[in-house]
Amino acid sequence: GESVGLHLPTLSVQEGDNSIINCAYSNSASDYFIWYKQESGKGPQFIIDIRSNMDKRQGQRVTVLLNKTVKHLSLQIAATQPGDSAVYFCAENSWSNTGNQFYFGTGTSLTVIP
Amino acid sequence: DAGVTQSPTHLIKTRGQHVTLRCSPISGHKSVSWYQQVLGQGPQFIFQYYEKEERGRGNFPDRFSARQFPNYSSELNVNALLLGDSALYLCASSPGTGNYEQYFGPGTRLTVT
């Protein structure tokens, strides 16, 4: 079956440094990938997405890279701030015989050290 | 504009009971998805509804069911509750079922004793 997983469960970075969170996926038919941020006690918050026909997309302080050859997704956060401390999930969207499907990874906990 | 709202916030049920969770999407959004998030794990997809029709179903038993109303709000029903159903149940809304950004609500924390 499909799986979306993260290489590192925890990540600590110094304030101002760049952060990189990685994710592997196994369903080559997935056509849409999303990064979410979840703070304690809240629902996931959309950060950035990318479609399978792209390999890079940039937002405000964030960049998502998609490498379809090795089925790898990464989230880069520039100039990491204390407010970036949260759990980050990658997710993929695909179609199956039961319709639209969304798969989330297990999450990476990012801690920003002031 | 109001975001996705869910009710109740917290709920405690006993094994074998039934529960109904409710979700109101963002105004203008026609699709609602439900997820189960066990502590320390990522959300697991349960259902997606669009225009009152089921458009996607995750790997959950038939004890889980859902429906969407004409005003696009949605209910998730779980029958014969098990201890393992204890989790945060998240609702997300989006304009459609394609590659659209999903907006999540704060969730309903269900505890089964």
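The values are calculated or read from the model by the stated rules, or taken from the named source; none is laboratory data. Since the structure is predicted, the reported quantities are computational estimates derived from the model, not experimental observations. Counting neighbours? That spans all protein chains shown, and the Cβs are built from the backbone with ideal geometry, glycine included. The area values use the complete protein model at the heavy-atom level, side chains included, leaving out ligands, DNA and RNA. Shrake-Rupley method; radii C 1.70, N 1.55, O 1.52, S 1.80 Å.
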Self-check item: Percent of Cα pairs exceeding the 26 Å cut-off, where the set is the protein assembly as shown
Solution: 36 percent
Quiz item: Which log10 I(q)/I(0) values, to two decimals, does chain A give at q = 0.16 Å⁻¹ under the Debye formula with one point per Cα?
Solution: -0.69
Quiz item: Taking a probe of 1.4 Å, how large is the accessible area per residue of chain B, in Å²?
Solution: 46 Å²
Exercise. Take every Cα pair under 8 Å in region A:1-107 that's 6+ residues apart, average their separations, divide by the length, and report that relative contact order as a whole percent.
Key: 35 percent
Self-check item: Between region B:4-34 and region A:90-107, the alpha-carbon center distance in angstrom
Solution: 21 Å
Quiz item: How much net charge surrounds A:D31 when only other residues with a Cβ under 10 Å from its Cβ are counted (Lys, Arg +1; Asp, Glu -1)?
Solution: 0
Quiz item: To the nearest 10 Å², what's A:E39's accessible area with a 1.4 Å probe?
Solution: 60 Å²
Practice problem: Compare B:Y100, A:Y25 by solvent-accessible area with a 1.4 Å probe and give them largest first, with all protein chains kept in place. | Solution: B:Y100, A:Y25
Quiz item: At what distance in nm do the modelled label points of A:S26 and B:S73 sit from each other, each positioned 7 Å from its Cα along Cα→Cβ?
Solution: 4.0 nm
Quiz prompt | Where B meets A: accessible area buried, both sides, 1.4 Å probe, Å² | solution = 1600 Å²
Practice problem: Report the residue, chosen from A:S28, A:S74, A:S19, that carries the largest GNM mean-square fluctuation when chain A is represented by alpha-carbon nodes joined by springs under 10 Å. | Solution: A:S28
Quiz item: Where does region B:5-101 land on Rg/Rh, using Cα atoms and the Kirkwood Rh?
Solution: 0.95
